[in-house]
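Worksheet for the structure shown next.
The values are calculated or read from the model by the stated rules, or taken from the named source; none is laboratory data. Only a predicted model underlies this, so the values are computations on that prediction, with no experimental measurement involved. Cβ placement follows ideal geometry from the backbone for every residue including glycine, while neighbour counts extend to all protein chains displayed. When the accessible area is computed, the model is the full protein with side chains, heavy atoms only, and any ligands, DNA or RNA have been set aside. Shrake-Rupley method; radii C 1.70, N 1.55, O 1.52, S 1.80 Å.
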Amino acid sequence: MSVPAGETVIVGGGQAGARLFALLRTAQPSMALKILCDEATAPYERPPLSKTILEEGTLTPQWVNDVSIYRPEQSLCLGRAVRRIDRQNRLVVDRSGNEHRYDTLIIATGAGARRLPEPPAIPHHYLRDYSDAAALRETLGSARSVLVLGGGAIGTEIAAIAVRRGLAATIVEAQGQLLSRSLHPALSERILSTHVKNGVQVYLNRTIAEYVPSGVVLSDGTLVEADAMVVSIGVQPNDAIAREAGLETRNGILTGPGFVTSDPAIYAIGDVANYFEPFLGDWHRSESWDAANLQAEVAAAAILNRPLPAWRPPKFWTEQFDDHYQFCGDLSRGAVLFESDNSTSFVAKIVHEDRLVGICTRNAPRDFRRMCADVEMPRSRQSTEHGEQER
């Protein structure tokens, strides 16, 4: 495949789409390149939404790229949510009816919050974008108590910030542990202990049975009263335009090597992309900042007809009260071996098939950086890099 001579269009202004824009613009300054964003602001970093923006400090977005990279001005199209893709004529049509021709198309539409079937009686929030964060921050400034539905990374971070701001916080989680999608129970237990120690009331293996004017009644009959609720029960990939265009989808847009879709002119990256993750040994949609950047790197190489970069083990981090947790590799299986474990920090190794397959550290960034290079892929998965697996 040669470097695209026609227009390359990126749909989506999240981390993956913005990072890909910068990589392509830097590698090929003359490339006809355009990014369509549904929000009215330039692409910004998402991790601060559940961290620093909810604190009482700055409310200013952190840009993914210096805005000067989007020159000329028509390269950045704000408020241009896409309505449909016309694959036959290679057109993208936005909600205003404007047509954008492409030779290469990248779908980076991300994911939307999974919503409750009916709203609770108390004020409630979801957290996916900057406006959500601003509204939630205002609520945290006036409420006395908050109920967080969902014990994943975002939910636990919000509960921690609520406590730091002087609110009473409760987490209700349907599974038997916090961060159940990604963490070994032994690692989850450490985060649970931190929350309990800081006064968070945590209910595991519970769901909401009933809404009442003062809060909710749980599946075991427990009444939880709160001034506000934050709903953090996962996300759904924004793959409707891909599905309607006839692309292959299953829990997101299915992709192969280089993150190309079932149409060789179209790629998918970010939260919306479903790809074979060799370190995890399964089809996977990652919602992490690090994965978005790596996917952009791989897609950029594929689009530019360059060798694909070496695959890296998945990484993510979370901030819980004064603790900074960092994770690398497969953290869901194997044996957890704690090292240099004390009241303020630890280093944990996850061993599977006699190989170091994962690392978790608490307040030990130097150890994390040093040890990530030692994380290995299990032997059974070593030939499956870049999605080289049958769909």
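For the stretch 183-255, list the strands (runs of 3 or more DSSP E) that sit wholly inside it and hold at least 1 residues that are over 23 Å from T139 (Cβ atoms), small (G, A, S) and open to solvent by 20 Å² or more (accessible area, probe 1.4 Å); which are they?
208-212
For the stretch 359-380, which positions are buried (at least 18 other Cβ atoms within 10 Å of the Cβ), in contact (Cβ under 8 Å) with a residue 60 or more places away in the chain and out of contact with any helix residue (DSSP H, G or I) (no Cβ under 6 Å at 6 or more places or on another chain)?
Of everything in the stretch 359-380, those that are buried (at least 18 other Cβ atoms within 10 Å of the Cβ), in contact (Cβ under 8 Å) with a residue 60 or more places away in the chain and out of contact with any helix residue (DSSP H, G or I) (no Cβ under 6 Å at 6 or more places or on another chain) turn out to be R362, V375, M377, P378.
Mind checking whether some residue in the stretch 244-259 is among the hydroxyl-bearing types (S, T, Y) and touching a strand residue (DSSP E or B) at 6+ places or on another chain (Cβ under 7 Å)?
Within the stretch 244-259 (the criterion being among the hydroxyl-bearing types (S, T, Y) and touching a strand residue (DSSP E or B) at 6+ places or on another chain (Cβ under 7 Å)), the answer is yes, since at least one residue qualifies.
With over 19 Å from the mean Cα position of the chain (by Cα) and either touching a residue at least 12 places away in the same chain (Cβ under 8 Å) or farther than 21 Å from G215 by Cβ (or both) as the only criterion, which of L183, L149, L179, L187 stands out?
Just a single option satisfies the conditions, and that option is L187.
Within the stretch 148-170, take every residue that is in a loop (DSSP other than H, G, I, E, B) and open to solvent by 30 Å² or more (accessible area, probe 1.4 Å) and give me the one that is farthest from F316 (Cα to Cα).
The qualifying residue farthest from F316 (Cα to Cα) is G166.
I need the full set of residues from the stretch 32-53 which are at pLDDT below 95 and touching a strand residue (DSSP E or B) at 6+ places or on another chain (Cβ under 6 Å), in order please.
Selection gives K51 alone.
Return the pair list, or none, for Cβ contacts closer than 7 Å from residues in the stretch 89-116 that are polar (S, T, N, Q) to residues that are open to solvent by 60 Å² or more (accessible area, probe 1.4 Å), at least 6 apart or on different chains.
From the stretch 89-116, the pairs are T109/N238.
Across the stretch 302-324, what is the total count of residues that are under 30 Å from P29 (Cα atoms), outside any loop (DSSP other than H, G, I, E, B) and open to solvent by 10 Å² or more (accessible area, probe 1.4 Å)?
1
So, G258, is that one at positive phi and not in a loop (DSSP other than H, G, I, E, B) or not?
When the stated conditions are applied, G258 passes them.
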